[in-house]
Amino acid sequence: MSTNTPPPEGRTTPLNLYPNKIPQQSLKEFIESGTSLGSLCSQSKTPVLITGVYEVFPELVKWTPEFLDQKVGDKAVQVISSETGVFQEHHHPLNMTLREYSHEINVNPSTAKRHLYMGALNIDHFFPEIKADLQFDELLPQEINHLELWYGPGGNTTGLHYDAFSNFFIQLYGQKRWLLSEPNSFLNLYPRSALSNYPKNTDFNPLKPDFEKYPKAKKVQFYDLTIQPDSILFVPPYWWHQVSSYNMSISVSIWCKTNLLKAEWGALQLLPTHIKHLMRQIVSSKRP
Ligand SMILES: O=C(O)CCC(=O)C(=O)O
């Protein structure tokens, strides 16, 4: 793990960092101590960096762009595009095959016409045939919600947001920089409206902070860590995070369901979204 490395998109103002580092433990130690990884989902309120994953699952080293091209290159995928390289929204995806996408992102970024990202693709839906190659999910209990694949070039950034589930984020290829801030930063991070399509996002960018527009964000502290293949970052629900790829990168998120009614601002903010969702379910169940 390294900290304070320059981000892909350059930094204008030093980040306000937490004084401590994220706790870290090797996967082997976890297994030997008899601690269930699933218990992290319900119990851990802070992120944990799980290291030494290849020691337990040496076959995970095979996850490369070539492996994806060979195994699922012909599959249809959905890709999002951005003018800036910062990705905030997942609507209007482009359709192409994984091989076409791989080809386009391997073009020299300085001549590329657009920034593309195959982010958060549901593995069960798009590539059920690679699920068995993941192995790590065998250590997790049934309450796993779903698995998502992230495959993209260096320079891509997923904008600052939080999620309502716990996330085991497995880094399989390349390096990514994670900036994380605790759920209580909610009041200082200017989340979008609870009624918007993306209530979990903010337009504040900690790597290019506009403190005139977002003055309260000056108070927010971040963890700043670079994750390498061979490690898994456990992220509890409602933790804010922004993720930037240093280079070509493959990662998988394994989401665990958590209690949605946690006493967090993020949970309160999502109530309108859950109500909308519930209403849609009721309406569709009543349709003949
Ligand atoms: O890897 C990325 O670009 C974003 C990951 C992320 O935001 C997540 O897993 O919640």
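Taken together, the values in this text are just the output of simple stated rules run on the coordinates, not laboratory data. Here the structure is a predicted model, which means the values were calculated and not measured. In this analysis, Cβ positions are derived from the backbone assuming ideal geometry, glycine residues included, and neighbour counts consider all displayed protein chains.
Some values worked out for this structure:
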quantity: The range 1-150, relative contact order in percent, only Cα pairs under 8 angstrom and at least six apart counted; calculated: 21 percent
quantity: K219/H90 FRET efficiency (R0 25 Å; Cβ-Cβ; nearest 0.05); calculated: 0.25
quantity: Neighbour-count ranking [beta-carbon atoms within 10 angstrom, fewest first] of M248, M118; calculated: M248, M118
quantity: Dipole magnitude of the chain, debye to nearest 20 (Cβ charges: Lys/Arg +1, Asp/Glu -1, about Cα centre); calculated: 1060 debye
quantity: Virtual spin-label span in nm between E59 and R287, 7 Å along Cα→Cβ; calculated: 4.1 nm
quantity: Under 5 Å, built H, 5+ apart or other chain: amide partners of A120; calculated: L149, W150, Y151
quantity: Reachable lysines, given that their alpha-carbon falls under 22 Å from the alpha-carbon of K216 and they are not under 8 places away in the same chain; calculated: K200, K208
quantity: Length added when fully stretched, T35-L17, from 0.36 nm per residue minus Cα-Cα; calculated: 3.5 nm
quantity: Burial ranking of peptide ranges 129-139, 14-24 (average Cβ count within 10 Å, highest at the top); calculated: 129-139, 14-24
quantity: Those residues of the range 146-160 whose amide nitrogen sits under 16 Å from the label point placed on S81, 7 Å along Cα→Cβ; calculated: 153
quantity: Area projected by the alpha carbon convex hull of the chain, averaged over all directions, nm²; calculated: 16.2 nm²
quantity: Residues of type lysines that K75 reaches as a straight line, Cα spacing below 24 Å, ignoring anything fewer than 8 places off in the same chain; calculated: K62, K113, K131
quantity: Candidate lysines - alpha carbon under 21 Å from K286, same-chain residues fewer than 8 apart omitted; calculated: K276
quantity: Spin-label pair F67/Q25, simplified geometry with 7 Å Cα→Cβ offset, distance in nm; calculated: 2.6 nm
quantity: Computed E for W265/L195 - FRET, C-beta separation, R0 25 angstrom, nearest 0.05; calculated: 0.95
quantity: Residue order, fewest to most beta carbons within 10 Å, for H115, H146; calculated: H146, H115
quantity: Neighbour-count order for E212, E59, E100, E264, fewest beta carbons within 10 angstrom listed first; calculated: E212, E59, E100, E264
